[in-house]
Amino acid sequence: ITVKFDATVQPDLPWFFEPMENKLKVRLGEIQDMKFKVENRSSDRVSGQAIPNIAPWQATPFFDKIECFCFRQQTLTGGESKEMPLRFVVSQDLPEGIEVLTLSYIFMKQKENTDKDKLAAK
């Protein structure tokens, strides 16, 4: 099957964000690795959180993110850029007729977690 990748950034987050490959041909049941590039285009330290979405939605239970930058908030210093890994597998149980999946991420600006915030959450 083909897995396509889409990357969006909310307007209030001064980041550039894109997949390093727009699509991959994958075999069901095989672990796949790819990367996304992110760059903070401001001079300030900024945190963001990537929210994933799978289309068509019927494929969501069959797409397993083993390692994903979306599992944690990301913080970049001013001008910093980095590559962020994604490791995933598409289940062999994917329903017939689904030939193309799209994994979309939207990066949203987040307030940085501080020790004070962590204590307040307890």
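Consider Phe5 carefully, then state whether it is assigned to a strand (DSSP E or B), touching a helix residue (DSSP H, G or I) at 6+ places or on another chain (Cβ under 8 Å), within 17 Å of Leu86 (Cβ to Cβ) and open to solvent by less than 80 Å² (accessible area, probe 1.4 Å).
Details: assigned to a strand (DSSP E or B): yes; touching a helix residue (DSSP H, G or I) at 6+ places or on another chain (Cβ under 8 Å): no; within 17 Å of Leu86 (Cβ to Cβ): yes; open to solvent by less than 80 Å² (accessible area, probe 1.4 Å): yes.
No; evaluated as a whole, the condition is false for this residue.
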request  = Looking only at the stretch 76-83, decide whether some residue is β-branched (Val, Ile, Thr) and surrounded by 13 or more Cβ atoms within 10 Å (Cβ to Cβ).
outcome  = no
query = With (1) over 25 Å from Val26 (Cα atoms); (2) touching a Cys at 6+ places or on another chain (Cβ under 9 Å) as the list, and Phe88 as the residue in question, which single condition is left unmet?
reply = (1)
query = Does any residue in the stretch 78-95 that is polar (S, T, N, Q) come within less than 7 Å, Cβ to Cβ, of a residue that is surrounded by 11 or more Cβ atoms within 10 Å (Cβ to Cβ) and assigned to a strand (DSSP E or B) six or more places away or on a different chain, and which pairs are these?
reply = Ser81/Lys37; Ser81/Val38; Ser81/Glu39; Ser91/Asp64
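From the set of residues in the stretch 17-73 that are of a type in the set (Val, Ile, Thr) and in a strand (DSSP E or B), which is surrounded by the fewest Cβ atoms within 10 Å (Cβ to Cβ)?
So the residue we want is Ile66.
Specify which of the listed residues (Leu28, Leu76, Leu24) is touching a Leu at 6+ places or on another chain (Cβ under 9 Å) and modelled with pLDDT of 95 or more. Can you show your working first?
On the way: Leu76 fails: touching a Leu at 6+ places or on another chain (Cβ under 9 Å); Leu24 fails: touching a Leu at 6+ places or on another chain (Cβ under 9 Å).
Exactly one of Leu28, Leu76, Leu24 is touching a Leu at 6+ places or on another chain (Cβ under 9 Å) and modelled with pLDDT of 95 or more, namely Leu28.
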request  = Evaluate the following for Asp6: is it under 16 Å from Val89 (Cα atoms), touching a residue at least 40 places away in the same chain (Cβ under 8 Å) and under 14 Å from the mean Cα position of the chain (by Cα)?
outcome  = no
query = If you go through the stretch 84-122 one residue at a time, how many are surrounded by 14 or more Cβ atoms within 10 Å (Cβ to Cβ), modelled with pLDDT under 95 and not polar (S, T, N, Q)?
reply = 0
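The values are calculated or read from the model by the stated rules, or taken from the named source; none is laboratory data. The shown structure was predicted, so the numbers you read here are calculated from the model rather than taken from an experiment. Cβ atoms come from the backbone with ideal geometry, glycine included; neighbour counts cover every protein chain shown. Accessible surface is based on the protein model in full, side chains and every heavy atom, while ligands, DNA and RNA are left aside. Shrake-Rupley method; radii C 1.70, N 1.55, O 1.52, S 1.80 Å.
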